[in-house]
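Report on the structure given below.
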């Protein structure tokens, strides 16, 4: 077994690197109201953000009308694209983590299931697009997480080997994708976990309760 030599830190986007919940929930509630439904609380819908806008809609309305959901999805996504970073921002400590990673001479990047039409403007709005070694969206490759192909594409773009990367995410499909790509994996417990989620069973190499703990994990891994 080859020794782990950390070269690159890869992040999921929503719920791990950036707290996008305020904008996503605002757009969801606008969509619900326009289509005759009541707005929902942040607590009720935040756990479904990692599974996409359709999951947010489906868990907010009592309807099996797939055409209605499709119309609502289109409305919500258009609204979100036009309000990509009104209220979104970094989780507390993330800016220091990114600076710390860069100061250690390591690369970092993003692998998300969010589509490019949202990922790239969001990264640009936050000033991250020129700093990231790779930005992989849900439609960058033919597959999205939990398939490992996005992870491999990230490594190609960042010019690193998968076994020298760590991937951090807040959903089981994040950890599955990272593990299948032979990366180290960390579960972000501060993210958008659902009730009943058991991240300790996902097969991650570690559990991160706060972003600052990620930097501690990185520094510890470099000492071995």
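Remarks
- Any chance residue 83 is within 20 Å of residue 208 (Cα to Cα) and in a loop (DSSP other than H, G, I, E, B): no
- The number of residues in the stretch 154-168 that are touching a strand residue (DSSP E or B) at 6+ places or on another chain (Cβ under 6 Å) and not in a helix (DSSP H, G or I) comes to 5.
- The condition of being crowded, with 18+ Cβ neighbours inside 10 Å and modelled with pLDDT under 95 holds for only one of 193, 186, that being 193.
- Residue in the stretch 128-150 that is part of a helix (DSSP H, G or I), in contact with a helix residue (DSSP H, G or I) (Cβ under 6 Å, 6 or more places away or on another chain) and either farther than 15 Å from residue 21 by Cα or touching a residue at least 12 places away in the same chain (Cβ under 8 Å) (or both) present: no
- Residue list for the stretch 26-44, restricted to those being farther than 15 Å from residue 82 by Cβ and touching a residue at least 24 places away in the same chain (Cβ under 8 Å): 32, 35, 37
- Some residue of the stretch 155-170 being buried (at least 18 other Cβ atoms within 10 Å of the Cβ) and without any contact (Cβ under 8 Å) to a residue 40 or more places away in the chain: yes
- Residues located in the stretch 178-215, provided they are in a helix (DSSP H, G or I), touching a strand residue (DSSP E or B) at 6+ places or on another chain (Cβ under 9 Å) and within 25 Å of residue 95 (Cα to Cα): 178, 199, 211, 213, 214
- Options 99, 63: the member that is free of Cβ contacts under 8 Å to residues at least 60 places away in the same chain and assigned by TED's automatic domain parsing to the domain that holds residue 179: 99
- Of the numbered criteria (1) assigned to a helix (DSSP H, G or I); (2) touching a residue at least 24 places away in the same chain (Cβ under 8 Å); (3) touching a helix residue (DSSP H, G or I) at 6+ places or on another chain (Cβ under 7 Å), the one residue 47 fails is (3).
- Just one of the listed residues (109, 100, 105) is in a helix (DSSP H, G or I) and either buried (at least 18 other Cβ atoms within 10 Å of the Cβ) or on the phi > 0 side of the Ramachandran plot (or both), and it is 100.
- Condition met for residue 188 (more than 17 Å from residue 46 (Cβ to Cβ) and under 16 Å from the mean Cα position of the chain (by Cα)): no
- Residue match in the stretch 63-72 (condition: touching a helix residue (DSSP H, G or I) at 6+ places or on another chain (Cβ under 8 Å), modelled with pLDDT of 95 or more, farther than 25 Å from residue 176 by Cα and in a helix (DSSP H, G or I)): yes
The values are calculated or read from the model by the stated rules, or taken from the named source; none is laboratory data. The structure presented is a predicted model; accordingly, all values stated were derived computationally and were not measured. Cβ sites come from the backbone with ideal geometry, for glycine too, and all protein chains shown count toward neighbours.
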